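What follows is a single structure, written as structure tokens, with notes after it.
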Amino acid sequence: MQKRKSLIIVLAVVLLFLLPLVSSFLGLTVDWLFFAETGYTAVFTRTLFTKIGLGAFFGLTLAAFVLVNALLARRAVFPRRQIQFGEGVLRPFSTEQSDRFLMPLVLIVVAVLALTVGQWGAHQWQEFLLYDQGKPVGTADPILGKDLGFYLFTLPFIGTLKGFAGFTLVLTALVTALLYLLRGGIVVSERGISLERVVKRHLAVLAGLVLVNTAFGFYLDAFGLLYSNGGAVYGAGYADVNARLPVYRALAVTFLIAAPLLVAGTWKGSWRLALLPLAAAAALYVVGNMLYPSALQQFKVAPNELALETPYISHNIRFTRMGFDLDKIEVSPFDVDYNLTARDVEKNDATIKNVRLWDHVPLLRTYSQLQQIRTYYKFFDVDNDRYTVNGEYSQIMLSPRELSYADLPSRNWINERLIFTHGNGFAMGPVSRISKEGLPEFTVKDIPPVSQTREIRITRPEIYYGELSNDYVIVKTREAEFSYPTTEKNIYTTYAGRGGVGIGSLPRRALFAAKFRTEKILLSSDIQPESRILYYRNIGERVNAVAPFLLFDQDPYMVVRDDGRLAWIVDAYTVSNGLPYSRPSGRFNYIRNSVKAVVDAYDGSLDFYINDPDDVLVQAYSRIFPALFKPLAKMPEDLRRHIRYPHRFLQIQASLFAAYHMTDPQVFYNKENLWEVPQHEGRTMEPYYTVMKLPGEKKEEYILLLPFTPAKRDNLAAWVTARCDGPNYGKIIAYTFPRDRLIYGPKQIDARINQDSAISQQLTLWSQRGSQVIRGSLLVIPMERSLLYVQPLYLASADKGSLPELRRVIVAYENEVVMEENLELALFKLFGGKRPEQGRPARAIAVETVSPAELARQALKAYERALELQRQGNWAGYGEQIRSLEEILRRLAK
């Protein structure tokens, strides 16, 4: 019976260790197949071997050091004593008794600790690879003279080694002391604790090594001062450099001297020799690191802060601007005048046509109501981009129509994994066009997607990889995949891409059944030899699986390629918190948008293009993973036309540029010209994309724009723009307004809108009728040397599933505020010119003249599209084309 219990315990322990190993093996095999599918096996093997090597190094080093010391402790023999504790007697184990169970116990504990530390060590692979492949940057820090590459690549891994050494030494000392205690080398009695001579010597050596490691820690702390946050600015200040830095150096030397003296004093039995240097080091720490710097700061620095801290403020400005790439921002004056005329407005026709009247949130609700088609489709997000539409460079809003597995009418394994495998197409429309009913116009709509322009065609509308995709689906099975519904029947399809991993063989099916913890993969009769399993389908998870060392933007956006395929572009950043003197933003103080990742929505193929070849981090990663990255010049032209400056990146840069546009230390210290991103309706304004003509430029371009106000003031101070097109991509310009004149800011315009009696009366009237008035984003639109302020108004019923309609547009210019049905009428009211046609969708002020021949061609094209849609059974699209044909014929008849 006892043997059976022992066997059960042994089996339980074995299973406890084997289960994680089996799980890890399954995960590694599945990941290997994924990397083989994407063509990045070199990335997988480099990462895996590095993890194995580091795990083995850290785990075996800890195990070897602990075991060597445990064996030394085991070799010592101590007499057995009886120890009196009050009325009781404590009898320590004899050497034979202790060795019978202590060493096996130590081996088990060491094995568990070694595995744990090995797993921890494997997670340090990124630090190690950067340490191994990092190179000098060419710029030294201003205090210690070390190249910045030391801080970005070397120091983090050295700090990890120091921490590991400290943990190993302390753990070893504890295990060794416990062994000595149980074997009689350390005796605890009522009179105190007594140690055998061999125990004192052994523990003294370990304590000396701890002191050596502490000395090394103080040496590293000197570099850590460059990340200090206790002075006038981030980074080492006057007190740090003149008090703490020399004290850290002295402490490193003192502890290094104290270590051998502690060992020597213990071996000789001289406690004075052993402890006096240690006491001196402790006193130096208290006085030199705590009392003296505080006194220096209070009595010398604080009364003369600007004079003493000026050099360190300069360092902070210089390195923060370097860390967030603020040096590339060009500052240009923008002298506002209010001489805008109807002719100027007409001259900026492309800008007017691309003023974004549709906000993301109301448009997402409207798209969901008009184009979701079925409950199991969902529009997750609306992306902003630019395309050529009917020969015009146009800003558009695009929202992919993805499959929502939570909303399937019947949720079961066959439906979720074999039949409903993908989303279908997208809805696209111009940012400023409105129908007579106040709804958005569509450039692409319906299922299958129908394009209203010859420049955009969709040949592969299926979305197998997206933002809402589930963890896996199986394609090319005996079950037909649902493609899209029609009025008469459902249309089915079969996957024809090269994505996924073959799952036809029994071992593969067993592997993925174990991985995804479902026996259905193994038992399903629908899976056939050519079947493939698609996993890592969420694009965020997919790119992160291949390149976990990059920080990926949370807003990927879809692009329609020239051949009609759909692709996702994901901005990726290299970040670090290791740049000296650079003020952190969140978890990092260095960031570059160094990589553009592209994911094909149909087959999941991945490409990583280097967007910033000057970035030192991406250079290091390129040396680590040479097969992973491609130069941006190799990105296909149809994708390059759609890269854009990341919204999030400019937001981070703007939050720092608000202070760090001041490069003079005295001005910076006094915050004489501090800016902030303005508030609108209780929220901080975010950068927004638009198409406009920048000052001094001859044509419109796609840009990202954000205004600034002075700190604690509501008027405008500047506006910053990031350019997105062609050779100007990535250039940032800050246009500053004159400081001696009032330029209205968003809050002030908001107040003027609220004070306008006609507008406020209309808003109150709508609210009283049970409608919900939604005020859109207030956009600041520079035009010529003037500013326009545009805010759309949406109406929706109070119901949860209401359809927001764009009913009015408010435009402010100088001291005038007007509200009209569309932007063109508002501009006509402000500036005059040619009156827009009443009852027409929003267009530019200048009405385009179209020849009868062109109208006839448009009529023929509408008729052909209508016939095509009729054949497809898309009656909603057919009706829309017939209405378009009617409108063209009426124009032709005039």
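Can you give me the ranges of the strands (runs of 3 or more DSSP E) entirely in segment 581-660 with at least 3 residues that are open to solvent by 20 Å² or more (accessible area, probe 1.4 Å)?
Because the criterion is at least 3 residues that are open to solvent by 20 Å² or more (accessible area, probe 1.4 Å), the strands (runs of 3 or more DSSP E) in segment 581-660 that meet it are 629-631.
Here Asp337 clears all of (1) touching a Lys or Arg at 6+ places or on another chain (Cβ under 8 Å); (2) at pLDDT 90 or above; (3) farther than 22 Å from Glu467 by Cα; (4) not aliphatic (A, V, I, L, M) except the condition numbered (2).
Residue check: Met322 meets all listed conditions (1) in a helix (DSSP H, G or I); (2) out of contact with any Leu (no Cβ under 9 Å at 6 or more places or on another chain); (3) open to solvent by 30 Å² or more (accessible area, probe 1.4 Å) but one, namely (2).
Among what's in segment 661-684 and is under 16 Å from Gly745 (Cα atoms), of a type outside the set (Lys, Arg) and free of Cβ contacts under 8 Å to residues at least 12 places away in the same chain, pick the residue that is surrounded by the most Cβ atoms within 10 Å (Cβ to Cβ). Out of the qualifying residues, it is Thr684. When the criteria are applied in full, Gly145 fails the requirement of being touching a Gly at 6+ places or on another chain (Cβ under 6 Å) and either open to solvent by less than 30 Å² (accessible area, probe 1.4 Å) or free of Cβ contacts under 8 Å to residues at least 60 places away in the same chain (or both). Among the conditions (1) in contact with a Lys or Arg (Cβ under 8 Å, 6 or more places away or on another chain); (2) modelled with pLDDT under 95, Asn229 misses just one, which is (1). The set of residues from segment 311-332 being under 22 Å from Thr574 (Cβ atoms) and among the aromatic types (Phe, Trp, Tyr) comprises Phe319, Phe324. Restricting segment 432-483 to residues that are small (Gly, Ala, Ser) and closer than 30 Å to Asp31 by Cβ, the residue that is surrounded by the most Cβ atoms within 10 Å (Cβ to Cβ) is Ser469.
Tell me, which residue of segment 489-513 that is charged (D, E, K, R) and part of a loop (DSSP other than H, G, I, E, B) is nearest to Val22 (Cα to Cα)?
Within segment 489-513, the match that is nearest to Val22 (Cα to Cα) is Arg498.
Restricting the first member to segment 724-746 and to residues that are at positive phi, and the second to residues that are at pLDDT 95 or above and of a type in the set (Phe, Trp, Tyr), the beta-carbon pairs closer than 7 Å and six or more apart or on different chains are Gly730/Tyr645. One residue stands out in segment 249-281 among those that are among the hydrophobic types (A, V, I, L, M, F, W, C), open to solvent by 50 Å² or more (accessible area, probe 1.4 Å) and free of Cβ contacts under 8 Å to residues at least 24 places away in the same chain: the one that is nearest to Leu220 (Cα to Cα), namely Ile257.
Per-residue answers, yes or no, for (1) part of a helix (DSSP H, G or I); (2) in contact with a helix residue (DSSP H, G or I) (Cβ under 9 Å, 6 or more places away or on another chain); (3) not hydrophobic (A, V, I, L, M, F, W, C):
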{"site": "Leu129", "(1), (2), (3)": "yes, yes, no"}
{"site": "Val187", "(1), (2), (3)": "no, yes, no"}
{"site": "Ile193", "(1), (2), (3)": "no, no, no"}
{"site": "Leu203", "(1), (2), (3)": "yes, yes, no"}
{"site": "Leu211", "(1), (2), (3)": "yes, yes, no"}
{"site": "Ala215", "(1), (2), (3)": "yes, yes, no"}
{"site": "Asp221", "(1), (2), (3)": "yes, yes, yes"}
{"site": "Tyr234", "(1), (2), (3)": "no, yes, yes"}
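Within segment 804-833, residues that are on the phi > 0 side of the Ramachandran plot reach partners that are part of a helix (DSSP H, G or I) with beta carbons closer than 8 Å, at six or more positions or on different chains, in the pairs Gly832/Ala342; Gly833/Ala342; Gly833/Arg343; Gly833/Val345; Gly833/Glu346; Gly833/Leu827. Trp413 falls short on exactly one of the conditions (1) touching a residue at least 60 places away in the same chain (Cβ under 8 Å); (2) under 30 Å from Thr690 (Cα atoms); (3) not polar (S, T, N, Q), and that condition is (2). Pairs meeting the criteria (first residue in segment 68-84 and at pLDDT below 90 and among the β-branched types (Val, Ile, Thr), second residue outside any loop (DSSP other than H, G, I, E, B) and open to solvent by less than 80 Å² (accessible area, probe 1.4 Å), beta carbons under 6 Å, at least 6 apart or on different chains) are Val77/Thr95; Ile83/Ser189. Every condition in (1) open to solvent by 20 Å² or more (accessible area, probe 1.4 Å); (2) among the β-branched types (Val, Ile, Thr); (3) modelled with pLDDT of 95 or more is met by Thr116 except one, and the failing one is (3). Exactly one residue out of Met428, Met397 is touching a Gly at 6+ places or on another chain (Cβ under 8 Å), modelled with pLDDT of 95 or more and not polar (S, T, N, Q), and it is Met397. Sub-8 Å Cβ pairs linking a first residue in segment 182-206 that is open to solvent by 20 Å² or more (accessible area, probe 1.4 Å) to a second residue that is modelled with pLDDT under 85 and among the acidic types (Asp, Glu), at least 6 apart or interchain, are Ile186/Glu196, ordered by first then second residue.
The number of residues in segment 510-533 being open to solvent by 30 Å² or more (accessible area, probe 1.4 Å) and over 34 Å from the mean Cα position of the chain (by Cα) comes to 9. Tyr312 satisfies every condition listed in (1) in a helix (DSSP H, G or I); (2) surrounded by fewer than 21 Cβ atoms within 10 Å (Cβ to Cβ) except (2). In segment 412-424, is there at least one residue being outside any loop (DSSP other than H, G, I, E, B), touching a helix residue (DSSP H, G or I) at 6+ places or on another chain (Cβ under 7 Å) and open to solvent by 20 Å² or more (accessible area, probe 1.4 Å)? The answer is yes; a qualifying residue exists. For segment 228-248, a residue qualifies if it is of a type outside the set (S, T, N, Q), under 21 Å from Gly578 (Cβ atoms) and open to solvent by 50 Å² or more (accessible area, probe 1.4 Å), and the qualifying residues are Gly230, Arg244. Screening segment 685-702 for residues that are within 26 Å of the chain's Cα centre (by Cα) and in a loop (DSSP other than H, G, I, E, B) and picking the one that is surrounded by the fewest Cβ atoms within 10 Å (Cβ to Cβ) gives Glu686. Checking each residue in segment 371-390 for being of a type in the set (A, V, I, L, M, F, W, C), outside any strand (DSSP E or B) and either at pLDDT 90 or above or under 22 Å from Tyr645 (Cα atoms) (or both) picks out Phe380, Val382.
The values are calculated or read from the model by the stated rules, or taken from the named source; none is laboratory data. Being a predicted model, the structure only gives us computed values, none of them experimental. Cβ sites come from the backbone with ideal geometry, for glycine too, and all protein chains shown count toward neighbours. Accessible surface is based on the protein model in full, side chains and every heavy atom, while ligands, DNA and RNA are left aside. Shrake-Rupley method; radii C 1.70, N 1.55, O 1.52, S 1.80 Å.
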